[in-house]
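Every number here is computed from the coordinates shown, using simple stated rules; none is lab data. Just so it is clear, the structure is predicted and the values come from calculations on it, not from any experiment. Backbone-built Cβ (ideal geometry, glycine too); neighbour counts: all protein chains shown.
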Amino acid sequence: MTFELSPDARMSVSLECDNGLTKRYRLDALEADILHASVDKDAFPTSAVAEAAELNK
């Protein structure tokens with residue numbers, strides 16, 4: 001995974017997958033004095049599922 005930030009306030013994220021596919025996302029940044037993120041953990045629970053064989057890699 002690579003992150004790049006250009007002088008014109010654009011962020012580029014590149015993901016290289018195991019199958020050779022490269023996914024690239026370009027995001028525009030906004031100027032702001034203060035940014036706050038708040039998430040209700042009860043309304044948006046997070047979970048991850050992994051196969052047992054994947055954990056051995």
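Some points to look at:
- Normalised by the number of residues in the chain, the average gap of Cα pairs under 8 Å and 6 or more apart makes the relative contact order 21 percent.
- Helix-only [θ]222 nm of the chain, DSSP H runs n ≥ 4, -39500 (n - 2.57) each, per residue, nearest 500: -1000 deg cm²/dmol
- All alpha carbon pair distances within the chain were sorted into 5 Å bins beginning at 0; the resulting P(r) in whole percents reads 4, 12, 12, 13, 17, 20, 13, 6, 3, 0.
- In nm, spacing of pseudo-spin labels at residue 16 and residue 39 (7 Å Cα→C-beta vector): 2.8 nm
- The length gained by stretching the chain between residue 26 and residue 49 to full extension, at 0.36 nm per residue less their Cα-Cα distance, is 5.5 nm.
- Footprinting exposure proxy for 11, 1 (fewest neighbouring C-beta atoms within 10 Å first): 1, 11
- Antiparallel beta bridges, as assigned by DSSP with both residues in the chain, represent about 100 percent of the total such bridges.
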